[in-house]
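Mind looking over this structure? Questions follow.
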Amino acid sequence: MDACEFEQVDYGVADHVATVTLNRPDRRNAWTGRMAIEYRWALHHAEHDSDIGAIVVTGAKNAFCVGADMEILLEVNEAGGAYQRLVAELPPFPAGSPPGLRHNHTYPLSLRKPVVAAINGPCAGAGFVVACFADLRIAAEDVKITPSFAGLGLPAEYGTAWLLPRIVGLQNALEMLLTNAVMTGQEALEFGFVRRCWPKGGFLERVQDFARNIARHSSPSALAVMKRQLYVDANGDLETAYLRAVEDMNRMVGEPDYSTGLAAVTDRRRPVFRPAPAEPAKEES
């Protein structure tokens, strides 16, 4: 699926950062099967664009994603829990992805590039799941974030009960899930669910700067390997993780990114793996 075919997701690229915007503002970006398919294709396009070094996920206008569309939830209830999945072609999983990362919701963790969730407004249910499976989360101060599962008589969906304790710790995960906590951005920061909490004014611009910094100054090859180490190797035994890290290091010291980083250290400057866009030429007066 090409980006020009997207109906519920907006996809844009600027300064080495891909921005994926959940785009149903009239429904506060409520999640649908169509949106899930487009979201995965958008991530796929970003993953395979060599000019992109980081991905930002956010919501249109004043919401991130309030969860599954209420009309869909009501239909499922009326059908006694039955529902029909939307069937569509999906992009392949990255080569070598383990079984745990071969699911729609876990797909972002299998990518080589970091995914940053910019929680700009209400985030609940399916939106909470999307945020969980981003690599980093940044929230605006006045947003409301809630799992919402317990309030709907549902389990922690799509593996979030496995992932959330790894983000915030077991006790915090228990409180968030069992009390169906409704958190402001600041409270989510205190729980450890988000890494930064910034004022609403200029929020998305600051997130873009954050992602752009990663894209320009962090080695693409190092980012790819570290994501695998954190999500795959760290769930195995230490001996295997250690030996694989040694193999990675021995290989990577012969690659161009190492030379780039070493030259920067020698020159006492920040490494630049993706240059800033050229300034447009000024017209002579």
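The values are calculated or read from the model by the stated rules, or taken from the named source; none is laboratory data. Only a predicted model underlies this, so the values are computations on that prediction, with no experimental measurement involved. Don't worry about glycine lacking a Cβ; one is built from the backbone with ideal geometry, like all the others, and counts go over all protein chains shown. These accessible areas exclude ligands, DNA and RNA; they are computed on the full protein's heavy atoms, side chains included. Shrake-Rupley method; radii C 1.70, N 1.55, O 1.52, S 1.80 Å.
When G100 is evaluated against the numbered criteria (1) closer than 21 Å to W162 by Cβ; (2) in a loop (DSSP other than H, G, I, E, B); (3) at pLDDT below 95, which criterion, by number, is the only one it fails?
Of the numbered conditions (1) closer than 21 Å to W162 by Cβ; (2) in a loop (DSSP other than H, G, I, E, B); (3) at pLDDT below 95, the odd one out for G100 is (2).
Next question. Let me confirm something: among T184, T146, which residue is out of contact with any Phe, Trp or Tyr (no Cβ under 6 Å at 6 or more places or on another chain) and either surrounded by 20 or more Cβ atoms within 10 Å (Cβ to Cβ) or of a type outside the set (S, T, Y) (or both)?
Just a single option satisfies the conditions, and that option is T146.
When the stretch 4-41 is examined, which residues are found to be part of a helix (DSSP H, G or I) and either touching a helix residue (DSSP H, G or I) at 6+ places or on another chain (Cβ under 6 Å) or within 17 Å of N120 (Cβ to Cβ) (or both)?
P25, D26, R27, M35, Y39, R40
If you don't mind, another one. Name the residues in the stretch 6-22 that are of a type outside the set (A, V, I, L, M) and either in contact (Cβ under 8 Å) with a residue 12 or more places away in the chain or touching a Gly at 6+ places or on another chain (Cβ under 9 Å) (or both), would you?
Taking the stretch 6-22 as the starting set, the residues that turn out to be of a type outside the set (A, V, I, L, M) are 6-8, 10-12, 15-16, 19, 21.
Across the stretch 6-22, the qualifying residues are F6, E7, Q8, D10, Y11, D15, H16, T19, T21.
Another question, then. Give the residue, chosen from V66, V115, V76, that is of a type outside the set (D, E) and modelled with pLDDT of 95 or more.
That would be V115, the only listed residue that is of a type outside the set (D, E) and modelled with pLDDT of 95 or more.
Here's another thing I want to ask about it. Take the residues in the stretch 47-62 that are under 20 Å from D142 (Cα atoms) and crowded, with 24+ Cβ neighbours inside 10 Å, then tell me which one is farthest from the chain's Cα centre (by Cα).
Residues of the stretch 47-62 that are under 20 Å from D142 (Cα atoms), as a first pass: 56-62.
Those left that are additionally crowded, with 24+ Cβ neighbours inside 10 Å: 56-59.
Working: V56: 7, V57: 6, T58: 9, G59: 12 Å.
This residue is G59.
Considering (1) at pLDDT 90 or above; (2) in a loop (DSSP other than H, G, I, E, B); (3) closer than 22 Å to T19 by Cα, say which one R137 fails and leave the rest.
Status for R137: all satisfied but (2).
For the stretch 133-143, how many residues meet the condition of being crowded, with 24+ Cβ neighbours inside 10 Å and closer than 20 Å to T106 by Cα?
2
Yes or no, residue by residue, for (1) of a type outside the set (A, V, I, L, M, F, W, C); (2) touching a residue at least 60 places away in the same chain (Cβ under 8 Å):
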position	(1), (2)
V115	no, yes
G153	yes, no
A156	no, no
N180	yes, no
M183	no, no
Q186	yes, no
C197	no, no
K200	yes, yes
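Same structure, new question: Scan (1) over 23 Å from R270 (Cβ atoms); (2) not in a strand (DSSP E or B) for the single condition I145 breaks and write down its number.
For I145, the exception is condition (2).
Also, I was wondering about something else. Please enumerate the residues belonging to the stretch 149-179 that are open to solvent by 40 Å² or more (accessible area, probe 1.4 Å), more than 20 Å from H103 (Cα to Cα) and either part of a helix (DSSP H, G or I) or of a type outside the set (G, A, S) (or both).
A150, G151, L152, L170, Q171, N172, L174, E175, L178, T179
Consider the stretch 17-35. How many of its residues are surrounded by 21 or more Cβ atoms within 10 Å (Cβ to Cβ) and within 22 Å of P94 (Cα to Cα)?
5
For the stretch 21-42, give me the residue count where each residue is of a type in the set (F, W, Y) and under 18 Å from Y158 (Cβ atoms).
2
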